[in-house]
Amino acid sequence: MSWSPTTSHWGAFRARTTASGELEIAPHPLDRQPSPLLGNVAGSVRHPTRVRRPAIRRGWLERGPGPSEHRGADEFVEVSWETATELVAAELDRVRREHGNGAIFGGSYGWGSAGRFHHTQSQLHRLLNVLGGYTASRDTYSHGTSAVLLPHLVGDAGTLLYRADTWGTIAANTDLVVAFGGLPLKNVSVTPGGNTEHPTATALGTIGESGVELAVVSPLADDVPKTPRARWYPIVPASDVALMLGLAHTLLTENRHDATFLDRYCTGFDTVAGYLLGADGTVKDAEWAAVRCGISAAEIRALARRMAEGRTLVTVSWSLQRTRHGEQPVWAGLLLAAMLGQIGLPGGGFGHGYGSIGDVGDDGPLLPLPTLPQGHNPVRTFIPVARIADLLLRPGERYDYNGATHHYPDIRLVYWAGGNPFHHHQDLNRLRRAFARPDTIVVHEPHWTATARHADIVLPATTPLEREDLGSGRRDTHLIAMHRVLDPVGEARDDYTILAGIAQRLGVGERFTEGRTAREWIVHLYEGWRGRLAERGHDAPPFGRFWADGEWRLPTAAEQPTPFAAFRADPVRRPLHTPSGRIELFSSTVAGFGYPDCPGHPVWLEPESDVEHPLWLIANQPRTRLHGQGDVGATSQAAKVRGREPIELHPGDAAERGIADGDVVRVFNGRGACLAGARLNDGVRRGVAVLATGAWFDPLDDPAQPGGSLCVHGNPNVLTEDVPTSRLAQGCSGQHARVQVERYDATPPPVRILRPPL
Ligand SMILES: Nc1nc2c(c(=O)[nH]1)N[C@H]1C(S)=C(S)[C@@H](COP(=O)(O)OP(=O)(O)OC[C@H]3O[C@@H](n4cnc5c(=O)[nH]c(N)nc54)[C@H](O)[C@@H]3O)O[C@H]1N2
Ligand SMILES: Nc1nc2c(c(=O)[nH]1)N[C@H]1C(S)=C(S)[C@@H](COP(=O)(O)OP(=O)(O)OC[C@H]3O[C@@H](n4cnc5c(=O)[nH]c(N)nc54)[C@H](O)[C@@H]3O)O[C@H]1N2
Ligand SMILES: [Mo]
């Protein structure tokens, strides 16, 4: 068989089946640094955990809709597509008639798969909109805190998230990058929708050769790129704001700050300066900071001086805002950059998300991509995305969000497709209780993930290799013709076909499909997009040629100056979209909300101490997979320790606990407990442990364990706390937890989640 083109969130690639039916994968020929995640594909696609037929939880099938503690424990019964489609259609109809459309939660957060047409969330939202709407979710787990905060500070979050200076601009102009949260190579092969050439991975390896110095602030040496002139600042987790304030205090008291810039382009610096100098009774000098962040006062002062000497980019990773009070490191980082006075200069100022994801700093074209229209949702109720458990557990209760108060609606039906809340949400024992509340939970999934196992109705979805699509990511260089390589596994169907069947039963088939097959939709989306490109003077080939060629290289455009450059050039005529038109170092809007957990300027909010659980757990993105996706694949499995997710410990912390490399350990706190496999690493700061996200949640019920279960596989979200960043953004705070670790001397129970439940 010849190679077929396709793409994924971890990059474009080719696939074929051999004469003996084996699936082979090869990187795209232009890929400069193919992702290790490619290694998961072949072993995942036809893994025994694929859902092969529609399946219904026995208790739901026999007793009908209603709250149930048996979700996640009951067995499943396979049924025909006809039966499953009928049951879902009837239940959607019952809930909307008896309780209104707001009782359907269709927020359905998650990354699904790459592909512009089979974009699962868009497909689901389109159906639910045709049916009269649904309770939605807002923002993301990725950078939801910044998405709410930044508009108050700089008028627009997109400027920082999607219009950042490119690595080329940085290489040419920057003297020093100060990277709070590190610049981990492991993260940048991923871009939503995919990336063909992976220039960011290459840039991280070569940036130091251009003379750029890197000050990399992270508890982990692995977050320091392997490039010359990179220096590691091994910080205590959750203390970056203290370091930032210490740096800011040094700049101010040594008169190295740019008073003209602060005066002309910012508002509120006087208030912040007062705070730095001790208006609240505490002077935020380098000594004060050193005690909290573990970097010496001398190093803090030296770094501040170095920052003021040349062109400096202050960048804050997304991980730092995915923590309790995650608004603060973003705001304090912006403060530092403003004090240096270089916002709007090439390669200087403030960045957000360099090293978090592939497209920040990428120089690929910024073109609109073909997009499936979702229709209009007339239902006004919503949640900030990370409030899912509160939504289900606290119907009718009020919550704060960005200056307004809202109420949680009473959800009867949860419809999830293309995401895995039992991967992404915090305090999974609590989420299990939340998932017991609704009448019905419907999930579309290729695999028997923990979310599928906690559903009532599980509909088997195809993966991209089993269907056709158009694929491209933000800043990608190519549009890829995603050819079908395999027959669907079992009776799996693509989400479009599943939803079209449901629409048909409810008499809205034509409105949902507009009479098109999946192939006809792909042609329709492509040709519409080709027309829009033509208006911009770009000549894309007609569909037939594009499809036969397998890809089309997108036209490049001259690099645009960032919106901050225009503001810098003329702050009066090109003001920011903030109340003052300037950068708000103090925001009277945010101050006016009166939230003690997010006051009107960046502040240090001391983390609570937890003597019984003295280690800071970092629950970061996994290097071996995308979230939970591919956990059954070869790259992910190769890193496991006796079948458990590896937990990295400093050798000193391990020795104190009698733990050796390769031991199974129990990781626990007051909320939950899991097993993991110890890996000793002296590149982890003392007092810190790292358990990446994404091991499929495998709870063994045990009332003696905190939270009532032991995850035998190593999912850190049994340990994280289900609390928002603050009342402002209500963002996800899952990056950190406080834990204790002990050697597990009993025979570890088997991991069951990698076998199908039926
Ligand atoms: N503790 C902690 N938790 C975190 C984070 C953290 O830093 N710490 N990070 C958070 C972040 S940033 C994110 S973005 C989230 C990610 O959370 P998710 O995006 O929910 O995680 P994924 O594992 O990518 O889930 C996608 C699911 O879609 C399924 N899927 C793939 N293709 C298709 C398809 O075509 N159709 C259907 N129906 N399903 C499909 C996959 O099998 C997979 O189960 O996790 C968050 N959780
Ligand atoms: N391989 C791979 N890449 C991915 C993903 C994946 O699942 N796998 N997911 C993608 C997604 S959806 C997103 S949103 C991005 C997320 O991008 P990020 O949120 O930036 O990624 P993380 O790996 O969670 O965290 C980055 C680093 O922050 C450091 N860190 C944690 N706490 C602290 C702290 O208190 N202070 C300091 N200074 N550093 C700290 C950790 O050492 C960690 O390695 O990643 C994307 N890239
Ligand atoms: Mo994310």
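The values are calculated or read from the model by the stated rules, or taken from the named source; none is laboratory data. Because the structure is predicted, anything quoted here is derived from the model rather than measured. Glycine also receives a Cβ, built like all others from the backbone with ideal geometry; neighbour counts cover every protein chain displayed.
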(message) Please pick out the residue among PRO757, PRO703 that is in contact (Cβ under 8 Å) with a residue 40 or more places away in the chain and either basic (Lys, Arg) or in a loop (DSSP other than H, G, I, E, B) (or both).
(response) PRO757
(request) Could you identify the single residue in PRO571, PRO541, PRO555 that is in a loop (DSSP other than H, G, I, E, B), within 26 Å of GLY364 (Cα to Cα) and touching a residue at least 40 places away in the same chain (Cβ under 8 Å)? (result) PRO555
(request) Find the residue count for the range 143-162, including only residues that are more than 16 Å from ligand 2 (Cβ to nearest atom), in a helix (DSSP H, G or I) and either without any contact (Cβ under 8 Å) to a residue 24 or more places away in the chain or under 20 Å from the mean Cα position of the chain (by Cα) (or both). (result) 2
(message) Tell me whether the range 375-382 contains one or more residues that are crowded, with 19+ Cβ neighbours inside 10 Å and not in a loop (DSSP other than H, G, I, E, B).
(response) yes
(message) Which residue is nearest to LEU754 (Cα to Cα), if the candidates are limited to the range 631-684 and must be among the polar types (S, T, N, Q) and surrounded by fewer than 24 Cβ atoms within 10 Å (Cβ to Cβ)?
(response) GLN637
(message) Going by what's in this entry, would SER68 be described as under 23 Å from ARG467 (Cβ atoms) and either outside the structural domain of PRO446 (by TED's automatic domain parsing) or hydroxyl-bearing (Ser, Thr, Tyr) (or both)?
(response) no
(request) Look at the range 426-441 and say how many of its residues are within 12 Å of ligand 1 (Cβ to nearest atom) and surrounded by fewer than 24 Cβ atoms within 10 Å (Cβ to Cβ). (result) 1
(message) Residues to consider are LEU30, LEU38, LEU23, LEU61; find the one that is of a type outside the set (Phe, Trp, Tyr), out of contact with any Cys (no Cβ under 6 Å at 6 or more places or on another chain) and in the same structural domain as LEU479 (by TED's automatic domain parsing).
(response) LEU61
(request) Return yes or no: is LEU391 out of contact with any Asp or Glu (no Cβ under 7 Å at 6 or more places or on another chain), away from ligand 2 (no atom under 14 Å from the Cβ) and not assigned by TED's automatic domain parsing to the domain that holds HIS118? (result) no
(message) Restricting to the range 674-693, give me the number of residues that are in contact with a Leu (Cβ under 8 Å, 6 or more places away or on another chain), part of a loop (DSSP other than H, G, I, E, B) and within 14 Å of ligand 1 (Cβ to nearest atom).
(response) 1
(request) Tell me which residues, restricted to the range 574-595, are within 18 Å of LEU336 (Cα to Cα) and part of a loop (DSSP other than H, G, I, E, B). (result) ARG582, LEU585, PHE586, SER587
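Let's see how each residue does on (1) more than 11 Å from ligand 1 (Cβ to nearest atom); (2) within 20 Å of the chain's Cα centre (by Cα); (3) aromatic (Phe, Trp, Tyr):
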{"position": "ASN101", "(1), (2), (3)": "yes, no, no"}
{"position": "SER113", "(1), (2), (3)": "no, yes, no"}
{"position": "PHE117", "(1), (2), (3)": "no, no, yes"}
{"position": "ARG126", "(1), (2), (3)": "yes, no, no"}
{"position": "LEU131", "(1), (2), (3)": "yes, no, no"}
{"position": "ALA136", "(1), (2), (3)": "yes, yes, no"}
{"position": "TYR141", "(1), (2), (3)": "no, yes, yes"}
(message) So, in the range 596-630, exactly how many residues are away from ligand 3 (no atom under 16 Å from the Cβ), β-branched (Val, Ile, Thr) and either surrounded by 23 or more Cβ atoms within 10 Å (Cβ to Cβ) or not in a loop (DSSP other than H, G, I, E, B) (or both)?
(response) 1
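Being within 13 Å of ligand 1 (Cβ to nearest atom) and under 30 Å from GLU197 (Cα atoms) narrows it down to one residue among ARG475, ARG467; which is it?
From the options ARG475, ARG467, the qualifying one is ARG467.
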(message) So the check is Cβ under 6 Å with 6+ separation or different chains; which pairs have a first residue in the range 617-630 that's more than 6 Å from ligand 1 (Cβ to nearest atom) and a second one that's assigned to a strand (DSSP E or B)?
(response) LEU617/ALA689; LEU617/ALA737; LEU617/VAL739; ILE618/VAL690
(request) Name the one entry in ASP139, ASP165, ASP175 that is within 16 Å of ligand 2 (Cβ to nearest atom) and among the charged types (D, E, K, R). (result) ASP139
(request) Collect the residues in the range 699-727 that are of a type outside the set (S, T, N, Q) and touching a Ser or Thr at 6+ places or on another chain (Cβ under 8 Å), keeping them in residue-number order. (result) PRO699, LEU700, ASP701, ASP702, PRO716, VAL718, GLU721, VAL723, PRO724
(request) Filter the range 262-318 down to residues that are touching a Ser or Thr at 6+ places or on another chain (Cβ under 7 Å) and of a type in the set (Phe, Trp, Tyr) and give me whichever is farthest from GLY361 (Cα to Cα). (result) TRP288
(message) Let me confirm something: among GLY132, GLY110, GLY102, which residue is of a type outside the set (Ser, Thr, Tyr), more than 16 Å from ligand 2 (Cβ to nearest atom), modelled with pLDDT of 95 or more and in a loop (DSSP other than H, G, I, E, B)?
(response) GLY132
(message) With the requirement that a residue be part of a helix (DSSP H, G or I) and either farther than 20 Å from ALA298 by Cβ or free of Cβ contacts under 8 Å to residues at least 40 places away in the same chain (or both), what does the range 242-267 give you?
(response) THR253, ALA259, THR260, PHE261, LEU262, ASP263, ARG264, TYR265
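Give the residue, chosen from GLY182, GLY193, GLY211, that is over 26 Å from VAL688 (Cβ atoms) and buried (at least 20 other Cβ atoms within 10 Å of the Cβ).
GLY193
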(message) Which of the numbered conditions does GLY59 fail, given that it passes all the others? Conditions: (1) within 16 Å of ligand 1 (Cβ to nearest atom); (2) surrounded by 15 or more Cβ atoms within 10 Å (Cβ to Cβ).
(response) (1)
(request) For VAL684, indicate whether it is within 16 Å of ligand 2 (Cβ to nearest atom), over 17 Å from GLY734 (Cβ atoms), in contact (Cβ under 8 Å) with a residue 40 or more places away in the chain and touching an Asp or Glu at 6+ places or on another chain (Cβ under 7 Å). (result) yes
(message) On the basis of being assigned to a helix (DSSP H, G or I), assigned by TED's automatic domain parsing to the domain that holds SER587 and within 16 Å of ligand 1 (Cβ to nearest atom), does VAL291 make the cut?
(response) no
(message) Filter the range 388-414 down to the residues that are among the charged types (D, E, K, R) and more than 16 Å from ALA436 (Cα to Cα) and list them by number.
(response) GLU397, ARG398, ASP400
(request) Taking VAL148 as meeting all but one of (1) in contact with an Asp or Glu (Cβ under 7 Å, 6 or more places away or on another chain); (2) away from ligand 1 (no atom under 16 Å from the Cβ); (3) among the β-branched types (Val, Ile, Thr), write down the number of the exception. (result) (2)
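Results for (1) modelled with pLDDT of 95 or more; (2) away from ligand 2 (no atom under 16 Å from the Cβ); (3) in a strand (DSSP E or B); (4) under 17 Å from ALA114 (Cβ atoms), shown as yes or no for each residue.
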{"site": "HIS9", "(1), (2), (3), (4)": "yes, no, no, yes"}
{"site": "ALA19", "(1), (2), (3), (4)": "no, yes, no, no"}
{"site": "PRO29", "(1), (2), (3), (4)": "yes, yes, no, no"}
{"site": "ILE56", "(1), (2), (3), (4)": "yes, yes, yes, no"}
{"site": "GLY66", "(1), (2), (3), (4)": "yes, yes, no, no"}
{"site": "ASP74", "(1), (2), (3), (4)": "yes, yes, no, no"}
{"site": "GLU82", "(1), (2), (3), (4)": "yes, yes, no, no"}
